[in-house]
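The values are calculated or read from the model by the stated rules, or taken from the named source; none is laboratory data. Computed from a predicted model, the values in this text were never measured in an experiment. Virtual Cβ from ideal backbone geometry, glycine too; neighbours counted across all protein chains shown. Areas reflect the complete protein model, heavy atoms only, side chains present, ligands, DNA and RNA absent. Shrake-Rupley method; radii C 1.70, N 1.55, O 1.52, S 1.80 Å.
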Amino acid sequence: MAFKNSESRYGSWVIGLHWLMLLLLAAVYACMELRGLAPRGSDLRASLKPLHFLLGLAVLALVMLRLIVRWSAGAAPAIRPPVPTWQDRTAQLMHLALYVFMIATPVLGWLTLSAQGAPITLFGLHVPALVSADKALSRQLKDLHEALATAGYFLIGLHAAAALAHHYITRDNTLLRMLPGRASR
């Protein structure tokens, strides 16, 4: 398993963490979407909220690992043929927005639960509150968390659409650099 990026592909760790994050984010969103479909008071509805929180904390942990691996793996492989400067800068801004989303959304969720004042437990373990109980703050944080989560659908969708446009329209190697299981060329 290659840790470092090559001239033509991202390293295995970068690729693996990228796709693992996609699966984890899909699970986080699925928990809340399914929760909305479950009848109020049902065991399923009650179990999806702590699972959502647990998966959100996993996103936060994984994004920190991703940043460490990304900075350690070396320069990103070049896009061939090269893209215009405006596309490169737009991609950099999109990646920054995605990282802000993947850090801020779980932190806001944790802050929301903390401000609600109820004990936060995961599998019987107490999770420390980040702020003191404050119902008004809790509502504000929840609204911000939900707005950012909604924006996440668009950020993830734009990211995927851009990768597919590069592959099928521009016909460069943008997507190929991140696909798992492909040999370096």
Worksheet item: Looking at Leu44, Leu48, which is the one that is farther than 30 Å from Leu175 by Cα, touching a helix residue (DSSP H, G or I) at 6+ places or on another chain (Cβ under 9 Å) and open to solvent by 30 Å² or more (accessible area, probe 1.4 Å)?
Response: Leu44
Discussion item. Go through the range 133-185 and report how many residues are closer than 30 Å to Ile120 by Cβ and not acidic (Asp, Glu).
Written reply: 21
Worksheet entry | Failed criterion for Gln140 (all others in (1) within 22 Å of Leu22 (Cα to Cα); (2) of a type in the set (S, T, N, Q); (3) over 19 Å from the mean Cα position of the chain (by Cα); (4) open to solvent by 90 Å² or more (accessible area, probe 1.4 Å) hold) | (1)
Discussion item. Restricting to the range 1-33, name every residue that is assigned to a helix (DSSP H, G or I), of a type in the set (A, V, I, L, M) and modelled with pLDDT under 95.
Written reply: Met32
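Surrounded by 16 or more Cβ atoms within 10 Å (Cβ to Cβ) and over 16 Å from Leu57 (Cβ atoms): is that true of Ala151 in this structure?
Values: surrounded by 16 or more Cβ atoms within 10 Å (Cβ to Cβ): no; over 16 Å from Leu57 (Cβ atoms): yes.
No; evaluated as a whole, the condition is false for this residue.
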Practice prompt. Taking the residues in the range 32-59 that are in contact with a Phe, Trp or Tyr (Cβ under 9 Å, 6 or more places away or on another chain) and in contact (Cβ under 8 Å) with a residue 60 or more places away in the chain as candidates, determine which candidate is farthest from Phe101 (Cα to Cα).
Written response: Pro50
Worksheet, complete the sentence: The residue from Val100, Val69 that alone is of a type in the set (Val, Ile, Thr), part of a helix (DSSP H, G or I), within 21 Å of Ala27 (Cα to Cα) and within 23 Å of the chain's Cα centre (by Cα) is Val100
Worksheet item: What is the number of the single condition among (1) in contact with a His (Cβ under 6 Å, 6 or more places away or on another chain); (2) part of a helix (DSSP H, G or I); (3) among the charged types (D, E, K, R) that Lys142 does not meet?
Response: (1)
Worksheet item: Which residues, taken from the range 145-185, are part of a helix (DSSP H, G or I), over 16 Å from the mean Cα position of the chain (by Cα) and β-branched (Val, Ile, Thr)?
Response: Ile169, Thr170
Discussion item. Regarding the range 113-132, can at least one residue be identified that is open to solvent by less than 60 Å² (accessible area, probe 1.4 Å), at pLDDT 95 or above, assigned to a helix (DSSP H, G or I) and under 26 Å from Ala163 (Cα atoms)?
Written reply: no
Worksheet item: Pairs, please: C-beta under 6 Å, at least 6 apart or cross-chain, first residue under 20 Å from Leu22 (Cβ atoms) and in the range 60-81, second among the basic types (Lys, Arg) and open to solvent by less than 80 Å² (accessible area, probe 1.4 Å)?
Response: Pro77/Arg9; Pro77/Arg177
Discussion item. Residues to consider are Leu37, Leu93, Leu62; find the one that is surrounded by 12 or more Cβ atoms within 10 Å (Cβ to Cβ) and either more than 21 Å from Phe154 (Cβ to Cβ) or hydrophobic (A, V, I, L, M, F, W, C) (or both).
Written reply: Leu62
Worksheet item: Which one of these is over 24 Å from Ala2 (Cα atoms) and among the β-branched types (Val, Ile, Thr): Ile68, Ile79, Ile156?
Response: Ile156
